[in-house]
Every structure is written in structure tokens, then in C-alpha cells.
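Asks: Below: one structure in C-alpha cells.
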Amino acid sequence: MEIAGSVSARAANLHGSVRILSIAAAAWFVVTAIGQWIFVFYVTAFYGPLLFGKGLAGLDETHLPAGYVPGDLMGNLALGFHLLIAIVIIGGGPLQLIPQIRARFPAFHRYLGRTYVAMAVLTSIAGLFLVWTRGVIGGSVAHIAISLDGLLIILFAVIALRHAIARKIDKHRRWALRLFMVVSAVWFYRIGLMFWFMTTGGIGIDTETFTGPFLTFLFFGQMLVPLAILEIYLRAKDGSSSAGKFAAAGLIGIATFGMVIGIFAATMGMWLPRI
Ligand code: HEM
């Protein structure tokens, strides 16, 4: 009797932890989708009229350190392409993660997935070209970190696609999620930066040189922290420990709360004022 009671208590605990973990993941997804679509809205509303109204020369009217560079046709084209593609991949990425869309519209998922992978690879090549020919603010650490992100995007895109073609759906799902995290790194960077300015005023950031310990952390953290949290989530989800699931749900909950603050700060302090 006692044994049966403790078994059913354990089962109820496990059931509760599975539920809490899936609620935390769903909350993270909703916040991410809303935050990324706000970013897409900004990119479209800010760069769209400049590029379509004035062509590549419109890049001269942006805050970018090297927007339009006279005589550098390849660089200007790469940047214009990079910005327009950002709209497709950041806008489409969250749609790929919605299970109902995958189940009800598999052809749409496949079509958008192929577009997403191709565009992510092409825009990373354009980004790598820009960084290596024009440089980037934040010095050599930023240079290395964003180059690493570009290389990870290309690598993860190839792996996710290969698993999809081989119909190894579980592996495909995992690598597609990793790809989503590294593609979203530029967005995590912006909300992380604005979260930090809003909550600490910018401790560990030298705003003159755009270097400093916090930025060193953020340049790499923009991809490594989301990847680490994803691995913790996947292991907790697959494991049988309810404590592990509760802990992962707590971690995702804290990260999601921080993201809400970062999205608010980036929207109000960075994106809306530019439109
Ligand atoms: C694939 C995901 C990526 C997306 C969605 C993306 C999106 C963007 C956006 C929206 C901007 C305009 C900046 C702003 O207004 O805030 C930008 C600028 C830029 N991106 Fe990307 N980007 C991605 C990946 C990369 C990668 C992997 C690299 C380099 C390896 C890169 C290099 C650059 C450069 C050099 C600029 C010019 C401005 C600057 O120096 O910050 N991007 N990107």
C-alpha cells in the first residue's frame, strides 16, 4: 500500500514536472517570437524605405559604422542583401518552431525550412565578407566572436538539412533548434546589451571603444548561453528526473523574464527611436 502510494506520488511529481517544463518552453517561445517580430518590424520599417527609396546609397543615412562606402560596390551590395535577408530569416524562424504548423502544413514547413537554411548560409557569408573587409566595432574579440557565429550557422545549417533529408527527424529537430539559436545570436546580443544598460547602466562596458569585460562575455554569450540553455532543456526533457525538469523550467523561466526586460529595453531604447 505504502509502496503503491509512493509510486503514484512519484508519477504525479514527474507528470507535474513535465507540464511545468513544457509551460516554461512555451512561454520562452512566445516571448522569443514576439521579440523577434518586433526586431523584424524595425528592420523592415527602418531599412526598407531607405533601400527601396534610395538604393544602396540609402545606407549612408543609417547609424551603421560603415553603411554606404563609396566605391565599395561588393560591400554595399553585401550589406543591402544582408539586411533584406534578415527580414526573411528572423521573421520566418519562429514559424518553423510551431508544432501545429509543422503537423498541419508539412509542405510549408519544408519550403520555409529550405529557404531559411539557404538564406541563413548566404547572409552569414555576406556577414563574414563584411566583417573581414570592413571590420566591426568592438575590436578583435567582437571580430572573432561574430565570425564564429557565422561559421556555426553554416555548420549547423548543413547538419540540420542533412538529417532532414535522411528523415532522421529527432536529430533534425535538435540541430534545427541549435541553428535557430545561432541565427538568433544577433538578436540575443541586442536584447542582452539593452537589458544590461537598463539594469546596471552599462557596468563593464567602455562606450568610447565599445570594449570591456561585459562585452567580451556578451560577444560570445550571444550564442553560447542560448546553446547551453537549449542543451539543458533537451537533456531535462529526455531524462526521467523530475528535479532536473523543474530545475530546467526554473532556468528557462528566469531567462525568459530577463528576455522580456531586454526586449522592452531594445524596443524602446534602440529600435522604435530609429523608425
Ligand atoms: C544570420 C543571422 C543574422 C541576422 C538576422 C543579422 C541581421 C543584421 C541586422 C538587422 C543588421 C543591422 C544592424 C541594426 O540595425 O541593428 C546587421 C548588421 C551587420 N551584420 Fe548581421 N545578421 C546576422 C548574422 C551576421 C553574421 C554571422 C555576421 C558576420 C559574420 C554579420 C555581420 C554584420 C555586419 C558587419 C553588420 C553591419 C553593422 C555592424 O558593423 O554592426 N551578421 N545584421
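Read the figures in this text as sums done on the coordinates, not as results from a lab. Note that the coordinates shown come from a computational prediction; the quantities given were computed from them, not determined experimentally. Heads up, the Cβs are rebuilt from the backbone with ideal geometry, glycines too, and the neighbour counts pull from every protein chain shown.
Asks: Treating the stretch 52-174 as a set of equal point scatterers at the Cα positions, no solvent, please give the Debye-formula log₁₀ I(q)/I(0) at q = 0.13, 0.16, 0.19 Å⁻¹.
Replies: Debye curve over Cα of the stretch 52-174, log10 I(q)/I(0) at q = 0.13, 0.16, 0.19 Å⁻¹: -0.63, -0.85, -1.05.
Asks: If you place +1 on the Cβ of every Lys and Arg and -1 on the Cβ of every Asp and Glu, how big does the dipole about the Cα centre of the chain come out, in debye to the nearest 20?
Replies: Its charge dipole is roughly 1200 debye.
Asks: For the pair D170 and F52, how long in nm is the line joining their label points, each one 7 Å along Cα→Cβ?
Replies: Between D170 and F52, the simple spin-label model gives 4.5 nm.
Asks: Using θ = phi - 60° and the Karplus relation 6.51 cos²θ - 1.76 cosθ + 1.60, list the HN-Hα couplings for the stretch 52-67 in order, rounded to whole Hz, with x at every Gly or Pro.
Replies: For the stretch 52-67, the Karplus curve yields 7, x, 10, x, 4, 4, x, 5, 5, 9, 10, 7, 4, x, 10, x Hz.
Asks: Another question about this same structure. Please give the helix 169-183 orientation as an angle from the longest Cα principal axis of the chain, in degrees from 0 to 90, rounded to the nearest 10.
Replies: 40 degrees
Asks: For I144, I205, which order do you get if you count the other beta carbons within 10 Å of each Cβ and list the fewest first?
Replies: Least to most surrounded, the residues fall as I144, I205.
Asks: Another one. For helix 106-134, what angle does its Cα long axis make with the longest principal axis of the chain, in degrees from 0 to 90 and rounded to 10?
Replies: 50 degrees
Asks: Moving on to the next point. How compact and how long is the stretch 1-97, expressed as Rg and Dmax of its alpha-carbon atoms in Å?
Replies: Expressed in Å, the Cα Rg and Dmax of the stretch 1-97 come to 24.0, 83.
Asks: Nearest 10 degrees, 0 to 90: what angle lies between the long axis of helix 73-96 and the longest principal axis of the chain (Cα atoms)?
Replies: Approximately 20 degrees, to the nearest ten.
Asks: Applying a 10 Å radius around every beta-carbon, put 53-66, 107-120, 74-87 in order of their mean neighbour count, most first.
Replies: 74-87, 107-120, 53-66
Asks: Based on the mean of other beta carbon atoms within 10 Å per residue, what is the order of 247-255, 93-101, most packed first?
Replies: Highest mean packing first, the order is 247-255, 93-101.
Asks: Could you name the aspartates and glutamates whose alpha carbon sits less than 19 Å from that of K237, not counting residues in the same chain fewer than 8 places away?
Replies: Cross-link targets: D170.
Asks: Next up: Does the stretch 133-275 classify as rounded, prolate or oblate by the C-alpha gyration tensor (a ≥ b ≥ c root eigenvalues; a/c under 1.5 gives rounded; else a/b over b/c gives prolate, otherwise oblate)?
Replies: Note, shape of the stretch 133-275 comes out oblate.
Asks: Separate question: Work out Dmax and Rg for the stretch 2-263 from the C-alpha atoms and quote the Rg first, both in angstrom.
Replies: Cα radius of gyration and Dmax of the stretch 2-263 are 20.4, 81 Å respectively.
Asks: Based solely on its DSSP helices, what 222 nm [θ] is calculated for the chain when runs of n ≥ 4 H residues each add -39,500 (n - 2.57) and the sum is averaged over all residues, nearest 500 deg cm²/dmol?
Replies: Using -39500 (n - 2.57) per qualifying helix, the result is -28500 deg cm²/dmol.
Asks: Can you give the direction-averaged projected area of the convex hull of the alpha-carbon atoms in the stretch 209-275, in nm²?
Replies: Hull-based average projected area comes out at 6.0 nm².
Asks: 5 Å is the cut-off here: which amide hydrogens, built 1.01 Å from N in the peptide plane, fall below it relative to T211, excluding neighbours closer than 5 in sequence?
Replies: Long-range HN contacts for T211: D206.
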